[in-house]
Amino acid sequence: MTVLRDRLRSDKPKRDAASTQQAPHSKLLSRAEAYALGKKLRDACPRSAHARWKAPHNRANAVDLVLAADKGRVPDLLPLPHGRMARSAFTFYRGAALTMAADLASTPVSSLKVQCCGDAHLSNFGGFATPERRVIFSINDLDETLPAPWEWDVKRLAASFVVACRDNALIDRRARDAVNTCVRTYRESMAEFGEMKTLEFWYQSLAADDLVANIKDPALRTRALKRLQKEKERSIAEDIFPKIAEHQGEMPLIKDQLPTIFHHIDAPPGVIHQAVMEALEGYRSTPKWTFTPHGAGERSHSPTRVPASRSSSVDIWGVVRYSMTR
């Protein structure tokens with residue numbers, strides 16, 4: 001990350017003016033105003049500015065960036081991701097989020113920031129079970145999420161289709177079709193979301209059952225149904241718990257599954273649990289107000305679920321108008 005911060009500093013003077021311009025958020029804009037604001041951003045950062053990418057003269061070595069991202073990780077586990085990355089161009093691409101972020105840092109942006117996935121390649125989209133035991137299709141890897149330009153996620157996703165197609169020996173025309181479908185669907189979906197009310201958008205999801213129903217190839221549909229059933233089973237705690245946990249005395253412990261899952265020598269069972277409880281206790285003392293369903297002045301003694309932040313309508317409409325083709 002230090003390398004990326006250095007790159008951001010060094011590239012800042014040369015980046016397009018739109019990359020440092022901040023969209024106004026001092027007042028709540030109407031949809032029409034936000035739509036117009038998004039279109040106006042094209043004056044400083046036209047869509048054609050994204051058509052070509054030229055490597056900066058001081059571009060960091062890709063392997064050096066991969067090694068820089070390893071700092072702070074468990075040394076004994078590093079051969080595992082390195083081995084996966086060495087298998088093919090696509091597996092390297094999957095594991096090189098920092099490398100691409102460093103490249104994207106020198107590209108023009110429209111100034112609209114969102115809570116980016118940070119690693120939005122195609123393999124990080126898939127089906128997973130919700131607490132309601134529904135299986136939805138969405139991003140399933142958010143351990144690198146940070147506020148960033150919305151273009152970064154779109155470009156990483158689109159590029160991943162190209163790399164994956166080439167990795168599977170598909171002709172460039174197929175790769176181009178896949179990318180065009182990807183970005184067109186993004187644009188059309190954003191336009192649809194921009195018309196929704198806040199709660200309507202909040203509850204929007206893509207059910208895996210709907211995706212499977214639209215698969216025309218019988219063999220592929222059968223494979224998808226089996227995968228869907230597997231994901232549904234993962235949502236049943238009674239089935240999962242015996243597979244991942246075991247009892248040692250009174251305390252249930254996660255089973256060791258070497259080489260990826262194990263108890264660290266410096267963190268024996270019980271130590272992490274106590275640290276988590278202390279962290280939660282500290283968190284409870286930070287809010288300036290609490291939700292008190294049983295009467296004023298009472299404090300909740302258990303963690304509550306809160307929704308993740310969503311992009312404001314200003315951001316959505318700005319991106320919608322900026323990315324529309326007409």
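Over all alpha-carbon pairs of the stretch 70-170, lay out the pair-distance distribution in 10 Å bins, whole %, shortest bin first.
Over the stretch 70-170, the share of Cα pairs per 10 Å bin runs 14, 39, 34, 13, 0 percent.
With θ taken as phi - 60° and the coefficients 6.51, -1.76 and 1.60, list the Karplus ³J(HN,Hα) couplings across the stretch 245-259 in order, rounded to whole Hz; mark glycine and proline as x.
So the J values, rounded to whole Hz, are 10, 9, 9, 10, x, 8, 9, x, 10, 5, 5, 6, 9, 5, x.
Binning every alpha carbon pair distance of the stretch 245-284 at 10 Å from zero, what are the percents per bin?
Reading the bins upward from 0: 25, 47, 25, 3.
Of 27/113; 155/232; 40/113; 71/243; 155/230, which pairs sit farther than 21 Å apart, going by alpha carbon to alpha carbon? List each step's numbers first, then the result.
Values: 27/113 17 Å; 155/232 31 Å; 40/113 16 Å; 71/243 32 Å; 155/230 31 Å.
Beyond 21 Å: 155/232; 71/243; 155/230.
Got a sec to turn the phi values of the stretch 273-280 into Karplus ³J(HN,Hα) couplings, 6.51 cos²θ - 1.76 cosθ + 1.60 with θ = phi - 60°, whole Hz, x for Gly and Pro?
4, 5, 5, 5, 4, 5, 5, 5
Please list the non-local residues whose amide H lies under 5 Å from the amide H of residue 116, H modeled 1.01 Å from N, same-chain partners needing a gap of 5 or more.
Residues meeting the criterion, in which the H sits 1.01 Å from N, are 146, 148.
At what distance in angstrom do the alpha carbon centres of the stretch 207-286 and the stretch 72-141 lie from each other?
19
Note the full-extension length gain between residue 77 and residue 52 as 0.36 nm times their separation in residues minus their Cα-Cα distance, in nm to one decimal.
Extending this stretch completely gives an extra 5.3 nm.
Under the Karplus relation 6.51 cos²θ - 1.76 cosθ + 1.60, θ = phi - 60°, what is the ordered set of whole-Hz ³J(HN,Hα) values for the stretch 145-158, x standing for Gly and Pro?
Karplus-based 3J(HN,Hα) across the stretch 145-158 equals 6, 7, x, 6, x, 4, 4, 4, 5, 5, 5, 5, 5, 4 Hz.
At residue 247 and residue 62, where each label point lies 7 Å from the Cα along Cα→Cβ, what is the point-to-point distance in nanometres?
So the label points at residue 247 and residue 62 sit 5.2 nm apart.
Please say if the stretch 146-246 is rounded, prolate or oblate, where rounded means a/c under 1.5 for a ≥ b ≥ c the square roots of the C-alpha gyration tensor eigenvalues, and otherwise the choice is prolate for a/b larger than b/c and oblate otherwise?
Numbers: a/c = 1.72, a/b = 1.25, b/c = 1.37.
The shape class here is oblate.
What are the residues whose amide H is under 5 Å from the amide H of residue 128, where those residues sit 5 or more places off or on another chain and H is modelled from the backbone?
Under 5 Å from the amide H of residue 128 lie the amide H atoms of 136, 138, each far enough along the sequence or on another chain.
All of the numbers you see were taken from the coordinates with simple rules; none came from a lab. Owing to the predicted nature of the structure, the values given are computational and were not obtained by experimental measurement. Quick reminder, even Gly has a Cβ in these numbers, built from the backbone with ideal geometry, and neighbours come from all protein chains shown.
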